[in-house]
Amino acid sequence: MATRQIWTGRKSSIGTSAVAVMATGVKARRGVQITAPADNGSTVYIGNSSSVTADDADGTDGYPVIAGETVVIPTRNPDLLYAIAESGSDNKVWWMII
């Protein structure tokens with residue numbers, strides 16, 4: 001069986017404005033695993049548009065990923081994920097397309 005290519009990366013400088021987690025045309029088979037490093041200064045929220053908010057509004061809040069936590073987002077389109085932080089500008093996430 002052939003080995004599949006593994007797509008991994010990091011998004012740095014996540015602050016209080018939404019940013020795309022990744023820019024890739026690669027389709028996921030199962031989703032995207034996202035990990036927030038233990039040294040993040042605040043919670044990062046993951047959503048499906050640039051309108052994602054951080055614990056601000058019921059209709060637009062992203063999924064919270066606290067420092068040290070890992071979550072799998074079931075999506076075939078990883079380039080549609082956005083991140084925003086509650087505070088600060090030095091937060092980051094690691095990602096792997098699965």
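Mind telling me which of the residues VAL19, VAL32 ends up being in contact with a helix residue (DSSP H, G or I) (Cβ under 6 Å, 6 or more places away or on another chain) and surrounded by 11 or more Cβ atoms within 10 Å (Cβ to Cβ)?
Unique residue meeting the criteria: VAL32.
Looking at the stretch 56-72, which of the residues that are surrounded by fewer than 12 Cβ atoms within 10 Å (Cβ to Cβ) and not aliphatic (A, V, I, L, M) is modelled with the highest pLDDT?
GLY68
Could you go through the stretch 13-33 and let me know if any residue there is more than 19 Å from MET96 (Cα to Cα) and either under 11 Å from the mean Cα position of the chain (by Cα) or free of Cβ contacts under 8 Å to residues at least 24 places away in the same chain (or both).
Checked against the condition, which is being more than 19 Å from MET96 (Cα to Cα) and either under 11 Å from the mean Cα position of the chain (by Cα) or free of Cβ contacts under 8 Å to residues at least 24 places away in the same chain (or both), the stretch 13-33 yields at least one hit.
Would you please list the contacts, defined by Cβ atoms under 7 Å and residues six or more apart or on different chains, that run from a residue in the stretch 70-89 that is under 15 Å from GLY9 (Cβ atoms) and in a helix (DSSP H, G or I) to a residue that is modelled with pLDDT of 95 or more and among the charged types (D, E, K, R)?
So the pair list comes out empty.
The values are calculated or read from the model by the stated rules, or taken from the named source; none is laboratory data. Note that the structure is predicted; figures quoted are calculated from it, not measured. All Cβ positions, even for glycine, are placed from backbone atoms using ideal geometry, and neighbour counts span all protein chains on display.
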